[in-house]
Amino acid sequence: MIGSRLQLANWIWIMLHQFDFYHLRDGDFAKPALLIAEKVLINSAKLLILAPKNKLSDLSVRFWSDKTDSFIAHGMDVEDVSDVAPIWLSSNAGDNPISADYVMLTDGISLEDFSAFKRVFNLFDGSSQIATEQARMQWRNWSSHPEHLCRYFTQSHTGGWQQTASNAEE
């Protein structure tokens, strides 16, 4: 179930927010962003991807061209496609014209208020000590709340993903 959990009784859980941390082997967040975006689209959800302003154009090009058999439709900036775009690229969390219920944080971008989102994907450069420490602080903060479900995925040498941690009770 998507979101975090709040126990109402011994057997009833209400999911509120889910935080998925993706520890990248290098700083290239575009490929994992594409994979996550595809899964979000399969679930008929909307995704806001937050990236530094100077990286938005490159990310947009990759969303249009990286797949040989298709593309990932999206909008950004002042484009007038918010009524049809299921994915929005921005450098500002307040710029969410598609009312996305999922948000992806990339390249060290943080989010103070995530209440508008059911799920947060945090992609960070595991080769950067600063990015790793920031992700650890976020993990400690977000996982300390029992109503938050936090999961940690590590990228393998072959590019696959393995869940290596969770704050969920077994």
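The values are calculated or read from the model by the stated rules, or taken from the named source; none is laboratory data. From a predicted model like this one, the values you see are computed outputs, not experimental measurements. Note: ideal-geometry Cβ built from the backbone for every residue, glycine included; neighbour counts use all protein chains shown. Quick note on the areas: whole protein, heavy atoms, side chains included, nothing else; ligands and nucleic acids left out. Shrake-Rupley method; radii C 1.70, N 1.55, O 1.52, S 1.80 Å.
Averaged per residue, the chain has 55 square angstrom of accessible surface, using a 1.4 angstrom probe with ligands and nucleic acids left out. What does the charge add up to near Phe114, with Lys and Arg as +1, Asp and Glu as -1, over the other residues with Cβ less than 14 Å from its Cβ? Residues near Phe114 contribute -3 overall.
Ranked by the mean number of other Cβ atoms within 10 Å of their residues, highest first, the peptides 122-133, 154-165 fall in the order 122-133, 154-165. Report the residues of the range 73-108 in range of a label on Leu41: point 7 Å along Cα→C-beta, backbone N strictly under 17 Å from it. Within reach of a label on Leu41: 73-76, 81-90, 98, 100-104. Per residue, the chain reaches -7000 deg cm²/dmol at 222 nm when only DSSP H runs of four or more residues are counted, each adding -39500 (n - 2.57). Within the listed set Asp58, Asp77, Asp28, the residue fluctuating most in the Gaussian network model of the chain (springs between alpha-carbon atoms under 10 angstrom) is Asp58. Here Lys118 is the anchor, and the aspartates and glutamates within straight C-alpha reach of less than 15 Å, apart from those fewer than 8 places off in the same chain, are Asp20, Asp101, Glu147. If only the Cβ of Lys and Arg carry +1 and only the Cβ of Asp and Glu carry -1, the dipole of the chain around its Cα centre is close to 380 debye.
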